[in-house]
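The values are calculated or read from the model by the stated rules, or taken from the named source; none is laboratory data. On a predicted model such as this, the values are computed, not experimentally measured, just so you know. Here the Cβ positions follow ideal geometry from the backbone for every residue, glycine too, while neighbour counts run over all protein chains shown. These area figures cover heavy atoms from the full protein model, side chains too; ligands, DNA and RNA do not enter into them. Shrake-Rupley method; radii C 1.70, N 1.55, O 1.52, S 1.80 Å.
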Amino acid sequence: MMIDLILLICLVLAAFWAVVAARMLKAVVGLALTSVIVSILMFRMNSPLAAVFELSVCAGLIPVIFITTISFTKRLSWEAYLERKKEIFSRFWYLPVILVITVVLLSRYKIAADFILPQAPAVTDVRHVLWNLRQSDLFGQIIILLIGAFGVVTLFKVKQPKDKPK
Amino acid sequence: MNETAMQAFWFFGIFISLLFIIGVYCILATFNLLRALIGVEVLIKGATLLIILAGYLTGNTALAQAFVITLIVIEVVVMVVAGGVILWVFRHNGAIDARKLTDLKG
Amino acid sequence: MLSLFILLPFFCLIAVNLPVKGARRLAFWLTASLFVLQILAVLLHPSVFWGMKEDLFANFFAINFSVNNLSLVIFLTIGIVGLVSLIIGKYTLANRPDRFHFTNLLLTALIGMNALALLTDLFSMYVFIEVTALSSFILIAVQREKTALEGAFKYLIISTIASALMLSSVALILLVSGSTSFDVVSAALKASSGSVFVKLAVALFLCGPFIKSGLVPFHGWLPDAYSAAPSAVSVLLAGIITKVSGVYVLMKLVMSVFGFTPVIRDILMFAGALSIVFGALAAIGQKDFKRMLAYSSISQVGYIIIGLGCGTKLAIAGAALHFFNHAVFKSLLFTNAAVMEQKLGTVDMDKMGGLTSRMPFTGMTSLIAFLSTAGIPPLSGFWSKLLIVVALWTSGMHGYAAIALLASVLTLAYFLSMQRRVFFGKLRPGLEAVQEAGTGLVITQVALALVILGVGLGFPFMLKTLAPLKNILW
């Protein structure tokens, strides 16, 4: 429980950093860190396969996508960086206050355990569940990946359109 | 539902709701499109953890993992599409600031 | 053979993308014939097709799909609106590659929506809602114009918030029921109803379809997305995408999972009434033709939701009928918008005037569509609104019935002002050279107008003959 507590606090701190960091690159690092901690928590909760996916895809691939996008934008100058830091502070200083209030309120509230937990399922092999019971999801995944391919073809063309609006 | 499971759920639940608050606040407060996207990511992280937690507490980790794998695939494609859209917004505007997107009024 | 509804578009998608010479040319005709097949399959409902065993695909999908009368209406609507959108896309999208991507994404959206009508599992529904939504993000941005990109991004962010809420609700439901198939979930929710936890889960899930269908507290993204998208995509968005992934999902969930509890009914009716009034009021002040249609969509979706909230058999039949009618007349109006965008280069209503003399077909068909929207007898919109209002009145909700009736007057008001500014009166100077649209678009407009007229005039006969209508009502 103690390790979980430390991990969860780190998780919230990493997510907070991802949201408030002034340089986008640092924000992306914060996001990757969040993913890594989520992945560790998944390992601790008997879900190794999902944890591996989270680690490789969310902590590995998604930051790459973000960094690719960032690399097309301009790098902030030092003055702009200070300016943005000030602006972020003025917008986001409410957030820690709200977070602390939420923690206090929620930890005082005791939710009623007034429903029955379901029976543990007969099948506990994730491969079996994924391939034999969730075929519609797999079909959906195939379609989603196709859409992703169309999206890349449509949106990542480097050529400018001929009739570019001003 | 037994008490220990509920306690464990509530313990994690508090932190997951913090993630949700961070994500939604970020989307509402920022003008930077990329930062809004990071807020969305934080939200999805919270949902992912909640699914795994539910699977763990009910002993149904197989189903929860199947869900999460599907979810991660969807998440990546959403991010790719959003990245493409942001790239084009940048090409049109020279900036990724929502305040410069004034052509559409709410 | 229910799985054919999602497998045929998939095979079609693969066939179109094969690296064979000429495959791309076939794209339009293959997709069009797919939509026609879908329409025919529904219209001939109790035919051989529906009773066939799934021998070939028996092992492909282990889960059972199920179809009820409501799904038939959805299939019919998807077929008609998809066909219209495809035709408009063929005539209005200028670039050939853009047109090809448009067809591909239309097919993926078709798979997503057909699957939504078939599935009976919460998580799979989430997956296919996401399939539909992702296709529509790219569709909005398919021409990569500035405003369209902004609309797409707004829609993307808000839609992803909705899916995060739905996912966390799926997690809570998993904790209560241990599975996500409709029967198990609805039994588990019934067994532990009254638990705060269950209420939280239901509320979180309902937020998703509410956001996706653009009901009033969550409507911010809708006018932007509709007005910024290319006209062919606007037809698709207004006609089916938001309605299937929002309204229909809401109908399906409330009817077969969550049940008509008093709280849900109150929320639905209140949100419906709010959307009706707000949408109509906001539409009055618009200058942009497509933005006005978008606000009008919010208002009309409100009618469907209020009918659903009433919950009696008559009201749900009215809601289903209005679902179909709204798709048809809104497609017609967006087709008119597409014609204007193509011929005038703008959809700003202040720059138009007296267009009926130049575009007789567009003017007349838009008149029919707006009279049907306002619920003037004997057009199709009249019957569905009548059913909803009568159902509301007979179940004792006189206030809501009055709101629904009075908002029709508002609808009439904003459409009359639109007609006066755009089509009637003297031709505005500078518009003398405007031509009527090409044959394809005119035929589409006339066909849709005939559907409106036909459903309106033939409604008393159709009640007992046409399969989807007959099955819902009787």
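For residue B:32, the residues 5 or more places off, or on other chains, whose built amide H falls under 5 Å of its own are B:98.
Here is the link list: A:74/C:154; C:21/C:330; B:45/C:243; A:26/A:110; A:110/C:154. Which ones come out longer than 30 Å on Cα distance? Walk me through the numbers on the way to the answer.
On the way: A:74/C:154 23 Å; C:21/C:330 37 Å; B:45/C:243 28 Å; A:26/A:110 37 Å; A:110/C:154 37 Å.
The answer is C:21/C:330; A:26/A:110; A:110/C:154.
Kindly identify chain A as rounded, prolate or oblate by the Cα gyration tensor criterion: order the square roots of the eigenvalues as a ≥ b ≥ c, call it rounded if a/c is under 1.5, otherwise compare a/b with b/c, prolate if a/b is larger, else oblate.
Values: a/c = 2.35, a/b = 1.17, b/c = 2.01.
Taking the square roots of the gyration eigenvalues as a ≥ b ≥ c, chain A is oblate.
Per residue, segment A:69-147 exposes an accessible area of 66 Å² to a 1.4 Å probe, with every protein chain left in place.
Using Cα pairs closer than 8 Å and at least 6 residues apart in sequence, work out the relative contact order for chain C, in percent. Walk me through the numbers before you get to the answer.
Numbers: 731 pairs, mean separation 72.2, N = 474.
Over chain C, the number comes to 15 percent.
Above 32 angstrom, tally the Cα pairs of segment C:272-474 and express them as a % of all pairs, no decimals. When all Cα pairs of segment C:272-474 are counted, 18 percent exceed 32 Å.
Do any trypsin sites (Lys or Arg not before Pro) in segment A:49-124 lie in a DSSP loop with no more than 15 other beta carbon atoms within 10 Å, and if so, which?
Details: sites: A:74, A:75, A:84, A:85, A:86, A:91, A:108, A:110; in loops: A:74, A:75, A:110.
Listed in order of number, the matching sites are A:74, A:75, A:110.
Rounded to the nearest 100, the interface formed by chains B and A buries 7100 square angstrom of accessible surface, both chains summed, with a 1.4 Å probe.
Note that segment C:272-474 presents 36 Å² accessible area per residue, ligands and nucleic acids not counted, probe 1.4 Å. The relative contact order of segment C:272-474, computed from alpha carbon pairs under 8 Å that lie at least 6 residues apart in sequence, is 28 percent. Given a Förster distance of 25 Å, report the FRET efficiency between residue C:266 and residue C:406 from their Cβ-Cβ distance, rounded to the nearest 0.05. Computed FRET efficiency for residue C:266 and residue C:406 comes out at 0.75. Rounded if a/c is under 1.5, else prolate if a/b is larger than b/c, else oblate: which is segment B:3-100, with a ≥ b ≥ c the root eigenvalues of its Cα gyration tensor? Because a/c hits 1.5 or more and a/b fails to exceed b/c, segment B:3-100 counts as oblate. Of the three principal axes defined by the Cα atoms of the protein assembly as shown, the extents in descending order read 78, 63, 57 Å.
Counting other Cβ atoms within 10 Å, which trypsin sites (Lys or Arg not before Pro) in segment C:374-431 have at most 13 and lie in a DSSP loop?
Details: sites: C:385, C:420, C:421, C:426; in loops: C:426.
Filter output for segment C:374-431: C:426.
In segment C:119-226, the C-alpha radius of gyration followed by the widest Cα-Cα span (Dmax) gives 15.9, 52 angstrom.
What do the square roots of 5 times the Cα gyration tensor eigenvalues come to for segment A:48-123, in whole Å, largest first, as semi-axes of the equivalent ellipsoid? Each step should come with its number before you reach the end.
Details: eigenvalues 305, 153, 9 Å².
Equivalent-ellipsoid dimensions as semi-axes: 39, 28, 7 Å.
222 nm [θ] for the protein assembly as shown, helices only, -39500 (n - 2.57) per DSSP H run of 4+, per residue, to 500? Walk me through the numbers before you get to the answer.
Details: 30 runs with 542 residues, N = 746.
Taken over the protein assembly as shown, the calculation gives -24500 deg cm²/dmol.
For segment C:118-226, the relative contact order is 32 percent, taking Cα pairs closer than 8 Å that sit 6 or more residues apart in sequence and dividing their mean separation by the residue count. Can you bin segment A:12-65 into rounded, prolate or oblate? Criterion: square roots of the alpha carbon gyration tensor eigenvalues sorted a ≥ b ≥ c, rounded for a/c under 1.5, prolate for a/b above b/c, oblate for the rest. Oblate, since a/c reaches 1.5 and b/c is not below a/b.
Rounded to the nearest 20 debye, what is the charge dipole size of segment C:252-348 about its Cα centre when +1 sits on each Lys and Arg Cβ and -1 on each Asp and Glu Cβ? The partial results should precede the final answer.
Working: 8 positive and 4 negative charges, 29 e Å.
The dipole of segment C:252-348 has a size of about 140 debye.
The convex hull built on the alpha-carbon positions of chain C has an orientation-averaged projected area of 21.8 nm².
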